[in-house]
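Q: One structure coming up, written as structure tokens, with questions to follow.
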Amino acid sequence: MDVKKYFSRQYGYRYMVIVVSMMLNGLGVSLMRLSCMGTDPFNSMNYSFSGFFHIPLGTVVILVSCPLLVLSFLTMKSSLGFGTVANMALLGTSADMWVSLITKAVGHEISFDGMEAMPLRVALVCMGILCMIFFNSFYISADLGMSPYDALGFIIEKLSGGFPFKWARVIMDIVCVVTAYFVAGKNGSQWELIGIGTVIMAFGTGPLLAFFKEHIAQPFVKKVCGKLS
């Protein structure tokens, strides 16, 4: 095994792409959460656990991802890499950081209810969705591993002997949303975590991600980072 390649320029640039992508992906997560119009399915569940147990989102992401990480290691090691670790360590943590920074900049806690400040909320959720999907395309294009949750769909396809990934992902997302509904429902915040943003992420991620990846992220990574050795 050639360990030196992991310290080459090509890998170094890709590490930077992943770290920056995860930090800005976290910005997208935080904007969606602040909008109170729904977050992506996986993070709707994570936020529900965060609120219920009163622990930071970053901690929840790590705790939820650890069992999936073990499963990935046992069944599909090819899905693991620097991107896997960066996703677990940085996504939730950076979302917490951005919420804190935005709250300090505004000067007070941000919370919406009903139809309050709807134009601003729509702007926040739209910016959050685009931010998440756009920077996800760079993280994926770096080709150095995926998050345990993203890998789970491929693992299901592999272990089931052909159950399509797209339907496995749909089922996974439904499980996350249902979990968020019941857990967040205990404190009445379920409709802040589940909303139009959740629906758009569930159905719009695929097409938008493919577009950004093909036309922007992959050409950028190829030009700046070069080919992996």
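The values are calculated or read from the model by the stated rules, or taken from the named source; none is laboratory data. The structure displayed is predicted, hence computed values, not measured ones. Calculation scope for accessible area: heavy atoms of the full protein, side chains included, ligands and nucleic acids excluded. Shrake-Rupley method; radii C 1.70, N 1.55, O 1.52, S 1.80 Å.
Q: Quick one: with all protein chains in place, what share of the accessible area of the chain is carbon or sulfur, to the nearest percent (1.4 Å probe)?
A: 72
Q: Among V106, V20, V177, determine the one that fluctuates most according to a GNM of the chain built with springs between C-alpha atoms less than 10 Å apart.
A: In the Gaussian network model the winner is V106.
Q: Pick from V17, V125, V178: which is most flexible by mean-square fluctuation in a GNM of the chain where alpha carbon atoms under 10 Å apart are linked?
A: In this elastic network of the chain, the residue with the biggest mean-square fluctuation among V17, V125, V178 is V178.
Q: Using alpha carbon centroids, what distance separates the stretch 170-229 and the stretch 26-63, in Å?
A: With the stretch 170-229 and the stretch 26-63 each reduced to a Cα centre, they are spaced 13 Å.
Q: Build a GNM of the chain with springs between Cα atoms under 10 Å: which of K158, K104, K166 gets the top mean-square fluctuation?
A: Taking springs between Cα atoms under 10 Å, the residue moving most is K104.
Q: Using the Cα gyration tensor of the stretch 106-229, with a ≥ b ≥ c the square roots of its eigenvalues, what is the shape: rounded (a/c below 1.5), prolate (a/b larger than b/c) or oblate (neither)?
A: Because a/c hits 1.5 or more and a/b fails to exceed b/c, the stretch 106-229 counts as oblate.
Q: To continue, here is another question. When all alpha-carbon pairs of the stretch 16-65 are counted, what percent fall beyond 15 Å?
A: Values: 596 of 1225 pairs.
Value for the stretch 16-65: 49 percent of Cα pairs lie more than 15 Å apart.
Q: Tell me the accessible surface of E192 in square angstrom (1.4 angstrom probe, heavy atoms of protein chains only), to the nearest ten.
A: 50
Q: I've got another one for you. Can you compute the helix-only [θ] at 222 nm over the chain? Use -39500 (n - 2.57) per DSSP H run of at least 4 residues, normalise by all residues, nearest 500 deg cm²/dmol.
A: Values: 10 runs with 170 residues, N = 229.
One gets -25000 deg cm²/dmol as the mean residue ellipticity at 222 nm.
Q: Using a 1.4 angstrom probe on the protein heavy atoms only, line up M146, M201 by accessible area, largest first.
A: In descending accessible area the options line up as M146, M201.
Q: Related question: Quick one: accessible area per residue over the chain, 1.4 Å probe, rounded to a whole number of Å²?
A: Averaged over the residues of the chain, the accessible area is 52 Å².
Q: Nearest 10 degrees, 0 to 90: what angle lies between the long axis of helix 196-212 and the longest principal axis of the chain (Cα atoms)?
A: Value to nearest ten degrees: 30.
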